[in-house]
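> First the structure, which I've put down as structure tokens, then a few questions once you've had a look.
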Amino acid sequence: MAKADEFLKYCIQTLEINFGQIASGIITKAKAKKNLDDKSTISDFKEFIDLLELDISVFSGKNTAIQICNVLRTYALESLEKQKAPEVIFSSDNDKEINSFLAKADLPSEKDISDYAKFLTYKFGINVKQAEKDIIEKVKMHVKDKISRKKILYELDNFLSRFTQPTEKDVDDFVNYLLFLKINFPRDQLRDLVEGERLRRKFHGEEEIEERTPLDQFIENVDGHDKKKLGKAIQKQGFSYLITDEKGISDNLLSEYADLLVPSEKDTKEILEGLGFKHMIEKK
């Protein structure tokens with residue numbers, strides 16, 4: 001069986017255990033955004049699983065979604081390793097170690113990254129500087145991805161707190177608002193997320209507040225609307241590596257984080273009023 005088909009079959013079997021008949025629908029939605037075939041790389045499989053995690057979190061909550069998708073990530077890595085030439089297996093093992101590190105370290109410090117790079121050096125005999133560079137690049141992608149996901153869920157929580165039974169126009173306005181915030185997510189899937197979370201709340205109530213992580217604290221302590229202030233805040237918290245490239249502090253990276261970070265309540269109100277969505281901030 002082709003590696004992509006075998007992996008998708010495993011995904012369906014895994015999700016069916018937790019979600020029953022809707023498992024195939026969750027897989028179908030992810031495939032519409034990111035299809036897998038025999039030419040797919042480990043990065044393609046990661047992107048596919050990330051999409052699954054976002055959808056699953058709507059039905060089961062963040063922690064359960066992470067646990068399920070970590071099982072899928074491990075299976076994908078092990079399956080691909082079996083089909084690769086021996087000399088490439090090391091790279092997959094390296095990626096697996098880094099992914100394991102990121103699953104435990106919500107927002108690692110520079111010291112954590114340095115120490116883990118040394119660990120990889122001792123384990124695989126690779127260059128410590130290259131290992132550190134690889135980890136930092138993966139951490140940057142990891143943090144941007146988590147901020148984006150938290151942004152969607154944060155805005156969705158606020159929306160459904162105001163609109164427990166949103167009309168079609170309310171949902172259209174909300175989706176337009178998210179797209180205005182530069183959320184990189186398909187419009188139809190955003191609508192599905194709204195409906196899925198509405199139904200989950202209807203039958204299961206609001207999800208319990210989870211313990212704040214270092215990444216939560218990081219987001220709360222930075223302002224994404226002034227790049228200079230944002231850069232200083234990130235450096236002050238000890239995460240300069242997030243906004244640094246080979247030339248130093250990167251204006252492009254600062255812009256990316258500024259676009260991703262959740263607006264303050266005051267800014268959110270101004271954006272909605274400016275877009276003509278004033279009714280979205282009025283109490284019903």
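The values are calculated or read from the model by the stated rules, or taken from the named source; none is laboratory data. None of the values given here were measured: they were computed from a predicted structure. So basically every Cβ, Gly included, is an ideal-geometry build from the backbone, and we count neighbours across all protein chains shown.
> Would you kindly identify the helices (runs of 4 or more DSSP H) lying entirely within segment 114-229 that contain at least 3 residues that are within 20 Å of residue 55 (Cα to Cα) and modelled with pLDDT of 85 or more?
Those helices (runs of 4 or more DSSP H) span 128-162, 168-180, 187-204.
> Kindly establish whether residue 122 is assigned by TED's automatic domain parsing to the domain that holds residue 257 and either surrounded by fewer than 18 Cβ atoms within 10 Å (Cβ to Cβ) or of a type in the set (A, V, I, L, M) (or both).
Here the answer is no, as residue 122 does not meet what is asked.
> Pick out the one residue from 43, 109, 91, 100 that is surrounded by fewer than 16 Cβ atoms within 10 Å (Cβ to Cβ), within 17 Å of residue 135 (Cβ to Cβ), modelled with pLDDT of 85 or more and assigned by TED's automatic domain parsing to the domain that holds residue 11.
It is 109.
> Determine whether residue 284 is surrounded by fewer than 17 Cβ atoms within 10 Å (Cβ to Cβ) and modelled with pLDDT of 75 or more.
Criteria not met by residue 284.
> How about segment 59-73: which of its residues are among the hydroxyl-bearing types (Ser, Thr, Tyr) and at pLDDT below 80?
Hit for segment 59-73 is 60, nothing else.
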